[in-house]
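For reference, the structure is listed below as structure tokens.
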Amino acid sequence: MLEIREATQADDSALLALEAASPQGDSTRILLDRTTYFYRPTLFDRGKVMLALEDDKLVGVMAYAIKDVWLCGEVVPVAYMYDLRSYPAYSRSMKRGLFTLWQALEQEILEHSARMVYGHVKEDNRTAMNIMLKGGAQETGMFSVCSLPSLPSPGAVPEPVPDPLDAVARFEERVGHRDLRPQSIVETYRRGLELGYLQGVYRMVRGSSSAQASIWNLTSLYRGRVLRLPIPLRVLGAVLNPLGGVLPLPRIPRMGQPFQYWHCFDVYCTGPSGKQLMGQLLQGLRRLAARNETDMLTVFHYVDDPLVHPPRFLVQKTMRYHTVARPNNGTLPTPPLYLDIRDL
């Protein structure tokens, strides 16, 4: 018998076991070792983590948060769906487990008058994508996550700006009222400061050009573990890692070993030298990460974001995620979209 109910703290160990059985990715497969499954709800004021159980055994989980965001020029409530997980034995069924859970959550979301339901799905996660498309969602955007190994070199590292909220306020003005932008990006960062997740906002300026990025450090909540790497990265790691003890070379994570990483968010650049400054800023942040014993820097941005001109690096791995949405009143978000740090 299938049961749908809200998760409680007593379910944490079962949820962590489900997470361990649900690595993400295909050619590059990563497992998140969380300290608790309930850290993400602390970032939202409204929402739930819901479970699907069959004969009292956990078979799936799905969470949602109600957020006030900009959509078509006005601030409206929407529902963000996240942490969709199921045991492999149930991933082939659309009538049980996660799909039944999706239907149950939809009913709750309607009670919040949410104008839209949306979520992010990794490009090669066909199970999650099929569930959301079957539920009436449509693809509305794509963002990339560029993983850069930290850089143990003796070069300069950037200092955080003294007033991060002021820097974020200026960034908020540049973003404008993009669809999916929270009512206040500044308040999101204020919450990040209160919880100790925001490492700092970093900025470089040269004449009329500038580059800016924020670093979010969530290593107290989870670490990654690589279960599968493409052959080229394995070969590169076999060459670079042994030399890393004597030369300032990036370290490629070894399969099975845990690694720490920082999220690099709200990156943007302006002016004729903006892209060059962005490259210098990211290089400095990679050196800063290495000096803090952090292995990777993950840079997030929508692929069509007009404020971002990402440079390429010799060693990098890029993953892509689809943003899918299902309107409750016929309105879909229009690109370019804003990517909320709370969604990741």
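Restricting 312, 287, 291, 320 to those that are in contact (Cβ under 8 Å) with a residue 60 or more places away in the chain and within 18 Å of residue 145 (Cα to Cα) reduces the list to 320. So, of the residues in the stretch 275-307 that are closer than 27 Å to residue 140 by Cβ and more than 20 Å from the chain's Cα centre (by Cα), which turns out to be surrounded by the most Cβ atoms within 10 Å (Cβ to Cβ)? For the stretch 275-307, the residue satisfying everything is 278. Given the condition polar (S, T, N, Q), at pLDDT 95 or above and either within 19 Å of residue 317 (Cβ to Cβ) or assigned by TED's automatic domain parsing to the domain that holds residue 293 (or both), answer yes or no: does some residue in the stretch 219-226 qualify? Within the stretch 219-226, none of the residues are polar (S, T, N, Q), at pLDDT 95 or above and either within 19 Å of residue 317 (Cβ to Cβ) or assigned by TED's automatic domain parsing to the domain that holds residue 293 (or both). For residues that are farther than 21 Å from residue 273 by Cα and either in a helix (DSSP H, G or I) or among the charged types (D, E, K, R) (or both), tally how many sit in the stretch 174-210. Residues that pass the stated criteria total 14. Applying the criterion of being of a type in the set (Val, Ile, Thr) and part of a loop (DSSP other than H, G, I, E, B) to the residues of the stretch 293-317, the residue that is farthest from residue 281 (Cα to Cα) is 303. Residue 149 meets the conditions (1) out of contact with any Asp or Glu (no Cβ under 9 Å at 6 or more places or on another chain); (2) more than 28 Å from residue 63 (Cα to Cα); (3) of a type outside the set (Gly, Ala, Ser) in every case but one. The failed one is (1).
Restricting attention to the stretch 114-161 and to residues that are among the basic types (Lys, Arg) and touching a helix residue (DSSP H, G or I) at 6+ places or on another chain (Cβ under 9 Å), the residue that is surrounded by the most Cβ atoms within 10 Å (Cβ to Cβ) turns out to be 122.
The values are calculated or read from the model by the stated rules, or taken from the named source; none is laboratory data. Note that the structure is a prediction, hence the values are computed from the model and not measured. Positions of Cβ are generated from backbone atoms using ideal geometry, with glycine treated the same way; all protein chains shown enter the neighbour counts.
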